[in-house]
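Taking it in order: structure first as structure tokens, then the write-up.
The values are calculated or read from the model by the stated rules, or taken from the named source; none is laboratory data. No experiment lies behind these values; they were computed from the predicted model shown. So basically every Cβ, Gly included, is an ideal-geometry build from the backbone, and we count neighbours across all protein chains shown. Heavy atoms of the whole protein, side chains included, go into the accessibility calculation; ligands, DNA and RNA do not. Shrake-Rupley method; radii C 1.70, N 1.55, O 1.52, S 1.80 Å.
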Amino acid sequence: MVFLSKIDLSKFEKKMIIRNIEMKDIDDIGALQHLCFPGMEPWKREQLESHLIMFPEGQLCAEYDGEIIGSCSSLLINFDEYDDRHTWDDITDEGYITNHNPDGYNLYGIEVMVHPGFRRMKVGHRLYEARKDLARRLNLKSIIIGGRIPNYHKHADEMSPREYVRQVMRHKIYDPVLSFQLMNEFTLMRINPGYLPDDLASNKYATLMEWNNVEYIPQTKRHFKTSFPVRVCVVQYMMKPISSFDEFATQVEYYTDVASDAGADFAVFPEIFTTQLMSFLNERSPSKAVQRLTEYTEDYIQLFTDLAVKYNVNIIGGSHFVEEDDKVFNIAYLFRRDGTIEKQYKIHITPNERKWWGISRGDTVKVFDTDCGKIAIQICYDIEFPELARIATEKGANIIFCPFNTEDRQGYLRVRYCAQARAVENQIYTVIAGTCGNLPQVENMDIQYSQSAIFAPSDFEFARDGIVGECNPNIEMVIIGDVDLEILRRQRQSGTVRQLKDRRRDVYEIKYKK
């Protein structure tokens, strides 16, 4: 038997970041514009340098694995000072943005571009979200853009710009720019003729669009944070026979797409749902089947890394049996949407796992930073040990994700009741994701029982009964729910009960040995 060494996760990571453009990036931005807008006049170097001098915070780029694959440019103005029928040259001072007003109330976007080879990876969406974050941080009234309608030339002989825009808004016609802006919560203000003289694809027309900052506070630059919503999509996954890894990948991508379409920040899969692959391995011995399953570890990691980046969603990839240093571990992976990866070993191994599969124990409680705050992962049996949740909470976790796999109602209820207790005890959110269905030809994986759910502390600020959402039992489906980290923070300070503040540290304590 050949034993695998511990897998180097860094070779799978391809990190995507949104950052401010720097002077060293100017040549790359110019080259990107040639690719994105062939036939249109590109930026001059002195224009891009002026952008960075006048308003560096408003110049953003998307960097993927060290390569710039997208960018956007903007400036601050008081829009009331400009004619509604303005042109691009009017609003940008002919591309130099020397009219940038540091005390302006509106962020005006003057360009967004994405490398043709990296489209459909939510790059444009990430840049737009970064602009919205900037508008909120600067307490701006709105974001305004003059958007191209590059498919209009295909319909110009049969309809007016107004009719074309109306058909796009009704989803009768697809326009790569206008459809995208509508999807990103921008509303139509008017249609401007002669906006960009060299934009022949749009017949020189542009749609004036606006996104309103609902958190804007008039006559002040102070910003008050009123909420921190995090959307979670929990997958109650059906275990059914399949014939290949590609079939498994297709099912997983479908659910990731569902989570992305719902605007989820996290997609959560169940514990050891990759044992579905055993259904085509034709190995009756459970221990040998696990050994063969570990051979798919790199395929599994690559699949979920690609999906997290492609669909712009953080994925709790259930858990998977992994061979490291002559031992097999049950490991849950966090696949961040920026392409980075983390992992949590299952710490408490059930008698069943030891008997049938020879699974080894992990020994570290981890808490992971994400773009939605700190989270922890506790695999199935681990949620039944309250010390682990307390340690994770003290390390800063606001959400504990619990992928589980149980074969009967009694086992399921142990997980559910303990997850609800952990939410109350630690004033956190807990999320449980389980499998349903059956795999008759796989030894020790023949039946499943689950009812996946999202739990909150039990107090007036939260959902009734402390249940944000739950699946129907034993049916393949998803639930999608929002949890608010700002409400959680306030409730810890002033809730009806305050478990974290009222603990008798003078009487007892939990000592973490790692």
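On inspection, residue 52 passes the criterion of being over 26 Å from residue 201 (Cβ atoms) and at pLDDT 90 or above.
For the range 145-201, the tally of residues that are outside any loop (DSSP other than H, G, I, E, B) and of a type outside the set (Val, Ile, Thr) stands at 25.
Take the conditions (1) touching a strand residue (DSSP E or B) at 6+ places or on another chain (Cβ under 8 Å); (2) among the aromatic types (Phe, Trp, Tyr); (3) more than 27 Å from residue 380 (Cβ to Cβ); residue 180 misses just one of them, which is (1).
Apart from one condition, residue 33 fits all of (1) over 30 Å from residue 261 (Cα atoms); (2) part of a helix (DSSP H, G or I); (3) open to solvent by less than 80 Å² (accessible area, probe 1.4 Å); the exception is (1).
The criterion of at least 3 residues that are open to solvent by less than 10 Å² (accessible area, probe 1.4 Å) and at pLDDT 95 or above is met by the following strands (runs of 3 or more DSSP E) wholly inside the range 339-415: 373-377, 399-403.
One line per residue, one yes/no per condition, for (1) among the basic types (Lys, Arg); (2) touching a helix residue (DSSP H, G or I) at 6+ places or on another chain (Cβ under 7 Å); (3) assigned to a helix (DSSP H, G or I):
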site	(1), (2), (3)
235	no, yes, no
257	no, no, yes
297	no, no, yes
329	no, no, no
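Scanning the range 133-176 for residues being of a type in the set (A, V, I, L, M) and closer than 20 Å to residue 84 by Cβ gives a total of 7. Residue count for the range 424-439 under the criterion of being open to solvent by 10 Å² or more (accessible area, probe 1.4 Å) and either without any contact (Cβ under 8 Å) to a residue 12 or more places away in the chain or among the small types (Gly, Ala, Ser) (or both): the result is 1.
Residues of the range 491-506 that are part of a loop (DSSP other than H, G, I, E, B), at pLDDT below 90 and either among the hydroxyl-bearing types (Ser, Thr, Tyr) or more than 31 Å from the chain's Cα centre (by Cα) (or both): 503, 504, 505, 506. As for the range 278-293, it holds at least one residue that is within 27 Å of residue 14 (Cβ to Cβ), in a helix (DSSP H, G or I) and either open to solvent by 10 Å² or more (accessible area, probe 1.4 Å) or not small (Gly, Ala, Ser) (or both).
Just one of the listed residues (69, 7) is within 28 Å of residue 339 (Cα to Cα), hydrophobic (A, V, I, L, M, F, W, C) and assigned to a loop (DSSP other than H, G, I, E, B), and it is 7. Look at the range 77-91: where a residue is open to solvent by 80 Å² or more (accessible area, probe 1.4 Å) and a partner is part of a loop (DSSP other than H, G, I, E, B), sitting 6+ places away or on another chain with Cβ atoms under 8 Å, you get 85/193; 90/82; 90/83.
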